[in-house]
Amino acid sequence: MSAVARQRMALVVHPDLTMLSKYQALLAGAQFSTVVARDMPTALLAITQHYFEVAIISAQLGESGDGWPLAGVFHLVFPKSFVSVIVPGADLLNLQTAINNGVQEIFEEDRAPETVVSEILAAAARSTGAPPRNRSRLQ
Amino acid sequence: MPQKPTLLIVDDETNVLFTLRLVLEEDGYEITTASSCAEALKLIHNSHRFDAILTDLRMEHEDIGLELAEAAAKLHPRPIIMIFTGYGSVENARGALGIQVDYFALKPLDLDDLKNALHRLLVSRGQIQRGRA
């Protein structure tokens with residue numbers, strides 16, 4: 001029996017188009033096919049259409065904190081996938097909200113997207129037991 | 001008849017243990033309690049299997065509940081891990097996130113929130129049937 005080769009998919013949800021573009025380019029470099037969304041309805045639609053292994057979600061989409069329930073829904077739909085949230089500051093409330101929504105990691109919004117993606121790929125690989133697959137296709 | 005979900009509740013405050021036992025037993029859970037991290041570690045390593053572990057953070061010393069959470073996270077099957085503390089900090093919440101605990105609450109506890117979260121987590125793991133209290 002042979003494994004079905006399928007490109008890994010990532011979801012990036014952020015209100016800032018420039019950030020979306022940066023994350024998409026970085027994830028493409030790690031052989032992810034990325035779906036981007038700037039708002040909650042588009043993100044929810046994407047969740048119904050694809051199997052995502054990784055999500056990067058801004059804590060603030062239309063209004064402050066509305067990224068959290070989206071992250072919670074993502075975790076419920078894809079419990080084995082890696083979900084991270086970009087927050088204004090890693091304070092106690094944000095950490096607590098992350099835990100209670102099943103988020104694996106939070107990143108402060110002033111972190112460079114390169115660092116965020118690199119840490120996410122390493123952490124996702126650790127959590128699934130698979131090595132990071134930068135520049136390597138699924139076999 | 002389905003088995004009752006089993007919970008281990010760990011806190012060095014007798015009143016908290018008493019209240020949580022009372023409230024959660026009423027909801028149909030089978031409760032074991034421990035009043036220290038050491039006692040809880042003995043229980044989980046002594047072939048007791050729990051569906052969920054609810055623990056305080058500060059007992060024998062500050063944030064020792066994270067040691068219990070870390071030990072519980074290595075069990076197979078992994079129980080649901082819920083932490084509650086009156087001394088929440090960025091450091092202990094960051095530690096809890098790193099261990100991937102399932103729920104983190106600050107004291108004074110909102111018992112309805114705690115019960116809802118516990119029920120939701122157990123249902124999502126398939127340890128209780130949907131709709132059952």
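Tabulated data for the structure shown
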read-out: Angle between chain A longest axis and helix A:40-49 axis [Cα atoms, degrees, rounded to 10]; value: 20 degrees
read-out: Highest-fluctuation residue, A:ALA30, A:ALA112, A:ALA55 considered, GNM on chain A with Cα pairs under 10 Å; value: A:ALA112
read-out: Longest to shortest principal axis, alpha-carbon extents of the protein assembly as shown, angstrom; value: 55, 47, 33
read-out: Mean Cα-pair separation over length for chain B, i.e. relative contact order, pairs under 8 Å, 6 or more apart, %; value: 21 percent
read-out: 14 Å beta-carbon shell around A:LEU17, net charge (K/R +1, D/E -1); value: 0
read-out: Overall Cα dimensions of region A:32-86, principal axis frame, Å, largest first; value: 27, 18, 18
read-out: Antiparallel bridge percentage (DSSP; both residues within chain A; nearest 5); value: 0 percent
read-out: Enclosed volume per residue, in Å³, of the convex hull spanned by Cα atoms of region A:8-128; value: 88 Å³
read-out: 222 nm mean residue ellipticity, helices alone, for the protein assembly as shown (DSSP H n ≥ 4; -39,500 (n - 2.57); rounded to 500); value: -13000 deg cm²/dmol
read-out: Farthest positive-ward along region B:6-124 dipole, Cα basis, beta-carbon charges - from B:VAL123, B:THR32, B:PHE84; value: B:VAL123
read-out: Charge sum, other residues only, whose C-beta stays under 15 Å from A:THR42's C-beta, Lys/Arg counted +1 and Asp/Glu -1; value: -2
read-out: Relative contact order [Cα under 8 Å, 6+ residues apart], chain A, whole percent; value: 24 percent
read-out: Using alpha carbons only: equivalent-ellipsoid semi-axes of chain B, gyration tensor based, whole Å; value: 21, 16, 15
read-out: Exposed GluC sites (Glu not before Pro) absent: longest stretch of chain B, with sites in DSSP loops and at most 16 other Cβ within 10 Å deemed exposed; value: B:63-133
read-out: Dipole magnitude of chain B about its Cα centre (Cβ charges: Lys, Arg +1; Asp, Glu -1), debye to nearest 20; value: 680 debye
read-out: Förster radius 51 Å - calculated FRET efficiency between B:THR19 and A:ARG6, Cβ distance, rounded to 0.05; value: 0.55
read-out: Ranking of A:HIS14, B:HIS61, B:HIS76 by count of other Cβ atoms within 10 Å, fewest first; value: B:HIS76, B:HIS61, A:HIS14
read-out: Residue among B:THR85, B:THR55, B:THR14 with the largest mean-square fluctuation in a Gaussian network model of chain B, springs linking Cα atoms under 10 Å; value: B:THR14
read-out: Exposure proxy order (Cβ contacts within 10 Å, fewest to most) of B:ARG49, A:ARG126, B:ARG125; value: B:ARG49, A:ARG126, B:ARG125
read-out: Per DSSP, loop chymotrypsin sites (Phe, Trp or Tyr not before Pro) in region A:9-111 with at most 14 further Cβ within 10 Å; value: A:TYR51
read-out: Candidates B:ASP56, B:ASP110, B:ASP27, ranked by Gaussian network fluctuation over chain B, Cα under 10 Å, top entry; value: B:ASP110
read-out: Two-site label geometry, B:THR32 and B:ASN116: point separation in nm, points 7 Å out along Cα→Cβ; value: 3.0 nm
read-out: Sites matching chymotrypsin sites (Phe, Trp or Tyr not before Pro) across region B:26-103 that sit in DSSP coil, with at most 12 neighbouring C-beta atoms within 10 Å; value: B:TYR87
read-out: Lysines with Cα under 27 Å of B:LYS74, excluding same-chain neighbours fewer than 8 positions away; value: A:LYS80, B:LYS4, B:LYS42, B:LYS107, B:LYS115
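The numbers here are math on the coordinates, done by the rules we state, and not lab data. Just so it is clear, the structure is predicted and the values come from calculations on it, not from any experiment. Glycine gets a Cβ as well: all are built from the backbone with ideal geometry, and neighbour counts include every protein chain shown.
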